[in-house]
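In what follows, a single structure is set out as structure tokens and then discussed.
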Amino acid sequence: MQELLDKWGIKVDFTLLLSMWNESQRSYHTQNHLLDLIEQINEQKSKLSQKQYEQLMLCALFHDIVYDPMRQDNEEKSAEFFVNCCSEKSNPDLLEVKQMILDTKTHEAKTELSELFNYFDMKVVESDYEKLLEWERGIKEEYSSYGDLYKVGRLQFLESLLDKYPQNTDNLLKLIDYVKNSY
């Protein structure tokens, strides 16, 4: 990964990035999430140009690099951190990565490549119930400071996924029931 960072003129040590992915406030948005994204990108490598592959890898590394569950601007802060590490701040390919990072806030993509990354980032929603439950527990732990407000916001979010992921309605409904009855 350090070679990739160096190739793109991104002045940050990979070990610093890994330490950021391991910060104590993280329970779901950890190195495991990062590794999952890297695996998904690697599975699609043969269908991508080298530049697209590298842009997706950079987006994976930086999209949640700044993560504080108590803030609403993590994506903006992550994009800002990314740009601040770039030696060529006006490089259009790097600006596309910045936009892809920003697109993860709403998961509304501005480009096809961003759409692919958002798919990878949200692929957990297509999982079986056990994997969804693991995801839920990690998110709940990250947002534990919100108290009772967590349940209301989380239910709204999960219910919004039903239309977007109709192929997994049964598992999502089970997860919604779990959140309703457990908190």
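The values are calculated or read from the model by the stated rules, or taken from the named source; none is laboratory data. Just so it is clear, the structure is predicted and the values come from calculations on it, not from any experiment. Cβ: placed from backbone, ideal geometry, glycine included. Neighbour counts: every protein chain shown. Please note that ligands, DNA and RNA were not included when accessible areas were found on the heavy atoms of the full protein model with its side chains. Shrake-Rupley method; radii C 1.70, N 1.55, O 1.52, S 1.80 Å.
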> Taking helices (runs of 4 or more DSSP H) that fall entirely within region 5-62, which contain at least 1 residues that are among the hydroxyl-bearing types (S, T, Y) and touching a residue at least 12 places away in the same chain (Cβ under 8 Å)?
Replying inline: 50-62
> (1) touching a residue at least 40 places away in the same chain (Cβ under 8 Å); (2) open to solvent by 70 Å² or more (accessible area, probe 1.4 Å): which one isn't true of K105, the others all being true?
Replying inline: (1)
> Looking only at region 154-183, which residues are of a type in the set (G, A, S) and either touching a strand residue (DSSP E or B) at 6+ places or on another chain (Cβ under 9 Å) or modelled with pLDDT of 95 or more (or both)?
Replying inline: S160
>> I'm trying to understand the selection: among the residues of region 89-117, which are among the aliphatic types (A, V, I, L, M) and closer than 12 Å to H63 by Cβ?
In response: V97, M100, I101, L102
>> Report every pair of residues separated by at least 6 positions or lying on different chains whose Cβ atoms are under 7 Å apart, first residue within region 151-162 and among the charged types (D, E, K, R), second in a helix (DSSP H, G or I).
In response: K151/V179; R154/V179; E159/I176
>> With at pLDDT 95 or above, farther than 24 Å from L48 by Cβ and open to solvent by less than 50 Å² (accessible area, probe 1.4 Å) as the only criterion, which of L94, L133, L113 stands out?
In response: L133
